Structure formats: C-alpha cells, structure tokens
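Remarks on the structure that follows.
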Amino acid sequence: MARKVTSRRLMVSTAAAWLFGFLIFLPILWMVLTSFKTELEAFAMPPTFLLFHWTTENYATVQSRSDYVHHALNSIMVAGGSTLIAMLIAVPAAWSMAFAPTKRTKDILLWMLSTKMMPPVGVLVPIYLIYRDFGLLDTRAGLILILCLGNLPIVIWMLFTYFKEIPKDILEAARMDGATIGRELVYVLAPMAVPGLASTLLLNFILAWNEAFWTLNLSTLDAAPLTVFIASYSSPEGLFWAKLSAASTLAIAPIIILGWFTQRQLVRGLTFGAVK
Amino acid sequence: MGQITLQGVHKSFGPVNIIKDANLDIEDGSFVVFVGPSGCGKTTLLRLIAGLEDVTGGQILIDGRNVVDVPPAKRGLSMVFQSYALYPHMSVRGNIAFGLKMAGLPRAEIGRKVEAAAATLNLTPYLDRKPRELSGGQRQRVAIGRAIVREPKAFLFDEPLSNLDAALRVQMRMEVTKLQKQLGTTAIYVTHDQVEAMTMADKIVVLNAGRIEQYGSPLELYEHPANIFVAGFIGSPKMNLISGEAAAAHGAATIGIRPEHLKIGQEGEGWPGTVSVAEHLGSDTFLYVDAGKLGVLTARYIGELNLKAGDRVWLSPDPARLHRFDKDGGVIQA
C-alpha cells in the first residue's frame, strides 16, 4: 500500500525542504549581498541585510586592480583541458573495465579510489619539486596535468557505473543483428551512454573549476585561475570583505550559470543507479 | 532451410567443463526445446549455436556448413533474449528495423518488412512508441518482431517468457508456437520449465550437468525415459522412484512408476500406506502416501476420490507402465 501523504505532512516537509535549501544557499546569498556593500558596512555589527547603501564600486575596484578576464580564461582552459584529457583516458578505461572485466578489475578500481583518500598536502612538497624541476610551475599545462590526475579516479568510477548499467544483452542483440563494433558504438552504445558521459563531464568540470589546493600552490600569475584571483583579496594588509565577496561572486558566476542550465543532467548523474 | 547439427561440441570455461560432447540433429522447421535444471548448460549451448560464445571443440553445422568460425550475424540466426534486450532509445519501428538497416537493405523494403512483421504481431499501433512505454507482453512481441523480420534460418529463444506473469505466459506460449508453425522456421527454445517444454516442443533435449541425457518427442520422453534423471525431470508431479527390495523384486536397482499408473486398490492389494496429504482438484485427486520403507509415493486418481489424510490405502503399480533402471541409472529394456 502506498504511504498516505496528508496535506499537513506535505506542508511540513515542503517547509523543511525550503528551510534546508535556504540554509545551504545563505552563504552564497550573503556573499553576493556583501559584494554590493561598502567595506565599512561589510563589517557592521549587527549586519544589515537588504537596507544598506548599494554600491558597485567593489566590482570596479576589483576589475581595475586585477585582470578578471585573464583569470577566467585560465579557469576555463585549466578546467576544460583537464576535463577533456580525463575523459579521453577514462572512457576507454571504464569501458574495458565494465565490458571486459578481469579478476583484477575490482582491485584496480579500489586502488584508484584509495588515491583519493590521501590528503593532497601529503604530496605537496614532492610534487612542487618535480614541477619546479620540469618548469611546470605557474603553467597551464602543469595545472591541467595535476587536476586531470586528481579527478581521474572519480571520472573513471562514474563512467564505470554508467557503463555497468548498460545491459550486456543489448550489446549481444546488436551483434546478432549484424552490427559491427563501430556501428554498435555509434547506433547502440553512444546513444545509451550520452547522459552518463554528459553528467560526468559536467561534474568533472565543476570539480576542476572549484579546485583550490593545487591551483593556489602551483600557480601565481600567468596560469592562475579564478581561485587564485579570489585568494589575492585576502591580503596581509587586512581582509577586504566587500572586495573579496565581489571577486568571489565574479569567480563563481560562470559555474553557477552553467550549473543552472544543466541541473537536470547533474541531478540525474549524481542519483544514477539509485533510482531506476 | 534451417538444419542445425552439433558434432562433438564441447565448451569449457577455464577448467570447468560446461558442455560435454554434445551431438544433436535438429531438423529443418522443427521446434526443439532445451530443458534442464539451472546450471545444466542449456543457455550456454544456445549461445554456442548463436555464436555469442566460442566452442572449445567440435563442430556446429548450419545447413551442412561448419559455422564455428563464423560471427553471430553471419550465421543467419536470430535470437530473443530473456530480458528482451530492446534498444531503449529507439522506437518499436527502429528496434525491428535495426537488423535490416545493418544488412543495408533499401529503405522502402525495410519499411515494408517492418510493417508486415508488426501486423503479424499486432504491434502496428505501437510502432512509434519507445520500449519503456510498452507492457511486458508487448516488449516481448517487439523482441520477437526483431527476430522474425530478418527471416532467419532459425530462431533462438533464451527463456523468453520467464519475465511474464503466469496468465500472459500461457498466452504467449501459444502465440509463439502458432507463429513458428505459420512461418515454418526452425526454432530452438531454452527453458527450465518442463511444462513449457512439453507443450511447445516437437522434440525435447533434456540436459543435465552439460550432458544431453535424452533427445526425443515429449511423449517419447514421458513414456520411455532413457534414465533416472529424465524419468524424474519430465512429468509433474514427479515419477515415483523406488529402490531396495521392491525394485529387486522386478530385477532392477530402481523402479519408477508415474503417479497415474499407481492403482489405488482394495485391502491387501499391492503396497500398503497411509495418506499424509490428499489434494482434491475436482478433475484429479492427488494422494501423497506414506508407504513405510518405500518412502512417500504420489498417486493420481482421475476424478474425485473420497479419501482424506490418515486413511489407509493400498497401491499397486501397473506392470506394463513400470520403468526399470540399473544401478547406473540407465533404463533396462524389457
């Protein structure tokens, strides 16, 4: 029997969901609001919510002090590049593990995941030294490499679970129907895998965009993405909350817009397999 | 044409022998059912014929040509899978047409053939739907449509009805048999359900532990089982198998008697026993009789018989219908 949902219950759970959503959203909202305050009001106690003197001077200052477009382009290239390379490696890897598993497939998957359990700071010094010796410090190629390696286990795992969901019978049916491997890929597998590929791509892009540890430690200016741009506003001379907020808002705006337009793909990707 | 011959086919996965020396002659146009308990190798044997698995040894001949090195699509067979295995992103039309499209047929001809197949299977109204918008029975029909449209030499069915509910299964069973007779195409059908085997088959292959135990028509298997395994596997309720003194009296290690060949008689006639369960179905009465040293015997009486649990009965086997088996389980010919 289906559980009976009373209207009262529905109201309570709806209210709870809204409250929870608002709590998660609050820091972002606060950051956006602060970016429109003066530095003085940003510090004010008690804080003002909406009734303050709205100003866009922070954005002007941020734009004049540092080159947003330069950092944004770096972010796009680093996140995009690392995602593309990770996908190029991960698709065939996950493919073979899902459709031609061996005795060791499970071990390999677990080993890859285990690398994510190590705190990155543990290998910071050796990586830094290697990067210095190879001239990779503050280069886009260096950042692309480290982000790609860092996200690869997650990408392979996600794709592996997607491919696993494609029933083997369907591939065999295609073989019986006379499809060659190439046609099987084009007509049967690709259309079935596209949602999985798309959501993996998106998630990986967002992860790479937001990655701060390696980007902050391995780049300073030339290759510095938006994370470094934000961090530059928490300076030794003191915190400039309003300007920091303006920089942060600018930094997350592109990814929020991307996320907004692809949220259906993302939700589907993250809940894949859980709901049939 | 669709004559399929297996000559000394065997298959092992690593050290495990799944199929041991299978020899079989399937006549053109016949409906052959592979039946056996799970893990007996029936699906593997079907997949070997399909070409989805490679044989370890032996030959598979289709119309006289050895096909062990021929890829699945070139063998001219089509297969219906247990899970239907429809292409989820294609419409019913796309699913049925896929094989023809891969074969490179002209578009007009594909359209005509798909329409014809859909009409045969009452799928015309659903041609533009996606598989997820269809019921289980309809999906099964699409899977069959995909198989018939290619006009194969033989159909291979891998437990195609096991995902359907009981009523639909009976209906589809008849539809599949009717369709096969109408098309006159050879069919190999795998099932673990011996009722399906008995009702659908022209000939049944009973498999056990990778070995073909017997190959024959349903009634041949029922009336003349070649060994204890077939005797016990075919027929419901199961044949009574008795060993010990009672068997020795007939010069056998084990004797078998079907429930309907046990006469329920008067006091003093045959083996005495006590009814432990009586099932009254109206058309039949099944008695489960505790016969002491002989074990529990099942007896079937056509019609209603007024007996209940605890009643004392005497059972005597029809000597003409008694099956005798030697100590290796093989039948002893009269």
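Computed from the coordinates by the stated procedures, all read-outs in this text should not be read as laboratory data. Just so we're clear, the structure is a prediction, and the values are computed from it rather than from any experiment. Methodologically, a virtual Cβ is constructed for each residue, glycine included, from the backbone with ideal geometry; neighbour enumeration extends over all protein chains shown.
Converting the Cα gyration tensor eigenvalues of the stretch B:238-325 into ellipsoid dimensions via √(5λ) gives semi-axes, longest first, of 22, 13, 11 Å. In this structure, the amide hydrogen of B:Leu134, modeled 1.01 Å from its nitrogen in the peptide plane, lies closer than 5 angstrom to no residue at least 5 positions away or on a different chain. Our note on the geometry: Cα centres of the stretch B:144-196 and the stretch B:212-254, 28 Å apart.
Charge tally for B:Ala201 (other residues, Cβ to Cβ under 12 Å; Lys, Arg +1; Asp, Glu -1): -2. Put in order of Cβ neighbour count within 10 Å, fewest first, the listed residues B:Asp69, B:Asp193 become B:Asp69, B:Asp193. Given +1 at the Cβ of Lys and Arg, -1 at the Cβ of Asp and Glu and no other charges, the dipole of the stretch B:238-325 around its Cα centre is 260 debye to the nearest 20.
Computed from backbone phi with θ = phi - 60° and the Karplus coefficients 6.51, -1.76 and 1.60, the 3J(HN,Hα) list for the stretch B:7-14 is 10, x, 6, 9, 9, 10, 9, x Hz; x is used for glycine and proline. Counting beta carbons within 10 Å around each of A:Thr48, A:Thr102, B:Thr254 and listing the fewest first gives the order A:Thr102, A:Thr48, B:Thr254. Ordering of B:30-38, B:212-220 by packing is B:30-38, B:212-220, highest average first (other Cβ atoms within 10 Å, averaged per residue).
The long axis of helix B:136-148 is offset from the longest Cα principal axis of chain B by roughly 60 degrees. Neighbours of B:Phe81 by Cβ distance under 9 Å: Lys/Arg scored +1, Asp/Glu scored -1, total -4.
Positive contributions from Lys and Arg (+1) and negative ones from Asp and Glu (-1), summed over other residues with Cβ under 11 Å from the Cβ of B:Leu52, come out at -1. When all alpha-carbon pairs of the protein assembly as shown are counted, what percent fall beyond 40 Å? Roughly 53 percent, once rounded to a whole number. For peptide A:157-167, the mean count of partner chain Cβ atoms within 10 Å of a residue's Cβ comes to 1. Just checking the output field for B:83-95: average partner chain Cβ neighbours within 10 Å of each residue's Cβ? Average neighbour count from other chains, rounded to a whole number: 4.
Listed from fewest to most Cβ neighbours within 10 Å, the set A:Phe134, A:Phe163 follows the order A:Phe134, A:Phe163.
When you count the other C-beta atoms within 10 angstrom of each residue and take the mean per peptide, B:134-147, A:58-71 line up highest first as B:134-147, A:58-71.
Scanning residues 5 or more positions from B:Ala85 or on other chains, none has an amide H under 5 Å from its amide H, with H placed 1.01 Å from N in the peptide plane. Between A:Ser66 and A:Ala15, the FRET efficiency from the beta-carbon distance, with R0 = 35 Å, is close to 0.25.
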